[in-house]
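A short write-up of the structure that comes next.
The values are calculated or read from the model by the stated rules, or taken from the named source; none is laboratory data. It should be emphasised that the depicted structure is a prediction, and the values quoted were computed from it without experimental measurement. So basically every Cβ, Gly included, is an ideal-geometry build from the backbone, and we count neighbours across all protein chains shown.
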Amino acid sequence: MLSAPLAMTYEYDGFGVERLEMKKIHLPIIIEIDEDGYYIVTCPLFKGCHSYGETIDEALENIKEVIEICLEETRNFLSYNQEIFNVT
């Protein structure tokens, strides 16, 4: 399991000031080694969430960045659908 401060929650205080709060989440990852010796890292919770690195540490740092993008896109998708269907 990958454990890192990946999820960002945006909140507004009613006065137009945005507050950013970091939350630590745990996500499953798969680490493999390819034929050239690179570490391939996948987070199976998100379609297309893959990265790689020459070392395990590099691969893990890279997958964190990809997961952040996947989380942001998921948040945007949910926000968009909430607006369309007026779900509160």
*Single residue of region 52-69 satisfying the filter (in contact with a Leu (Cβ under 9 Å, 6 or more places away or on another chain) and surrounded by 18 or more Cβ atoms within 10 Å (Cβ to Cβ)) that is farthest from residue 24 (Cα to Cα)*: 63
*All strands (runs of 3 or more DSSP E) inside region 18-88 with 2 or more residues being on the phi < 0 side of the Ramachandran plot and modelled with pLDDT under 95*: 18-27
*Is it the case that residue 43 is without any contact (Cβ under 8 Å) to a residue 40 or more places away in the chain and either within 18 Å of residue 25 (Cα to Cα) or in contact with a strand residue (DSSP E or B) (Cβ under 7 Å, 6 or more places away or on another chain) (or both)?*
no
